[in-house]
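A.B. asks: Structure incoming, see below.
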Amino acid sequence: MIRFIVAIDSKRGLADDKGIPWNLPEDKRYYREKIKTAPILMGYNTYIEHDSPMNDKANYVATRTDKLLKEGFTAVTHPAKFLDEFDQTKDIWVIGGAGLFDSLLDNADELYITKIEGDFNCTKFFPDYSEDFELASQTETKTDNSINYRFTIYKRKK
Ligand SMILES: NC(=O)c1ccc[n+]([C@@H]2O[C@H](COP(=O)([O-])OP(=O)(O)OC[C@H]3O[C@@H](n4cnc5c(N)ncnc54)[C@H](OP(=O)(O)O)[C@@H]3O)[C@@H](O)[C@H]2O)c1
């Protein structure tokens, strides 16, 4: 199963030029719990924000160039092909950012989306998923640091 995990605001924004503009400790915990279950695939810009692997599974980094990566990360030059060929009986998390989500949305089976209320003036956005995915579950609205949000799961329409 190919799962995306992301937190977005009301405009589908996921980051501004400095990074993620909100601080939601509960969402960070949720995210860490989820991604520890399987290998992860991230874009190069997301990779550079991390000094070490984010779980004890494979940490793949999409990059078109031949860069030397930090220990514990593995480069993937053709991520769509990589996911096409990924063992479908196993799971993988695609963790962003915007560029990678945009180029791989067609490969996704499920989207784990933390929906945050409000406009955080983001400059990077999650692609429009409304046509191909339907809501499978959502939590009640939670509040953290005065920010309202909920956890949702979308599945690809049959
Ligand atoms: N809100 C959230 O849940 C969330 C989640 C993750 C990240 N973020 C934020 O998103 C921001 C980064 O997003 P971003 O869009 O700038 O960058 P990104 O998607 O992390 O990385 C983009 C880079 O990944 C590589 N890449 C992407 N698609 C590729 C493809 N199809 N084939 C080969 N390589 C590919 C390219 O690297 P090369 O240039 O090396 O070729 C590209 O420049 C950060 O601020 C991060 O904090 C937010």
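The values are calculated or read from the model by the stated rules, or taken from the named source; none is laboratory data. Since we're looking at a predicted model, the values are computed, not measured. Note that we place each Cβ from the backbone using ideal geometry, even for glycine, and neighbour counts take in every protein chain shown. Surface areas here come from the heavy atoms of the whole protein model, side chains and all, with no ligands, DNA or RNA. Shrake-Rupley method; radii C 1.70, N 1.55, O 1.52, S 1.80 Å.
A.B. asks: Measure nothing but the geometry: give the 0 to 90° angle between the long axis through the Cα atoms of 25-35 and the longest principal axis through the Cα atoms of the chain, rounded to 10°.
C.D. replies: 40
A.B. asks: With the full set of protein chains in place, find how many percent of the accessible area of region 2-156 is carbon and sulfur; take the probe as 1.4 Å.
C.D. replies: Numbers: 3880 of 8550 Å².
Carbon and sulfur together cover 45 percent of it.
A.B. asks: Using 7 Å Cα-to-Cβ label points, what is the residue 18/residue 90 separation (nm, one decimal)?
C.D. replies: 3.9
A.B. asks: With +1 assigned to the C-beta of every Lys and Arg and -1 to the C-beta of every Asp and Glu, and no other charges, what is the dipole magnitude of the chain about the Cα centre in debye, to the nearest 20?
C.D. replies: Values: 23 positive and 27 negative charges, 40 e Å.
Taking the Cα centre of the chain as origin, the dipole is about 180 debye.
A.B. asks: Follow-up question, since we're still on this one. Normalised by the empirical 2.2 N^0.38 Å for globular proteins, what value does the Cα Rg of the chain take?
C.D. replies: Numbers: Rg = 15.1 Å, N = 158, 2.2 N^0.38 = 15.1 Å.
That ratio works out to 1.00.
A.B. asks: Let me ask you something else. Averaged per residue, what accessible surface does region 40-116 expose to a 1.4 Å probe, in Å²? Show your work: numbers first, answer last.
C.D. replies: Values: 4060 Å² over 77 residues.
Value for region 40-116: 53 Å² per residue.
A.B. asks: Estimate the FRET efficiency between residue 143 and residue 29 by the formula 1/(1 + (r/R0)^6), using the beta-carbon distance for r and 22 Å for R0, to the nearest 0.05. Write out the running numbers ahead of the final one.
C.D. replies: Details: r = 15 Å, r/R0 = 0.69.
Using R0 = 22 Å, I get an efficiency of 0.90.
A.B. asks: How would 10, 146 rank on accessible area, largest to smallest, probe 1.4 Å?
C.D. replies: Working: 10 85, 146 115 Å².
Listed by decreasing accessible area, they come as 146, 10.
A.B. asks: Express in nm, to one decimal, how much length is gained between residue 134 and residue 155 on full extension, taking 0.36 nm for each residue of separation and deducting their alpha carbon distance.
C.D. replies: Full-extension gain reported as 7.0 nm.
A.B. asks: Pull up the cross-link candidates among the aspartates and glutamates for residue 34, meaning alpha carbon to alpha carbon under 12 Å and not fewer than 8 places away within one chain.
C.D. replies: 91
A.B. asks: Under 1.5 on a/c is rounded, so check that first for region 69-158, then, if it is not, pick prolate when a/b is larger than b/c and oblate when it is not; a ≥ b ≥ c are the square roots of the alpha carbon gyration tensor eigenvalues.
C.D. replies: Values: a/c = 1.96, a/b = 1.46, b/c = 1.34.
Because a/c hits 1.5 or more and a/b exceeds b/c, region 69-158 counts as prolate.
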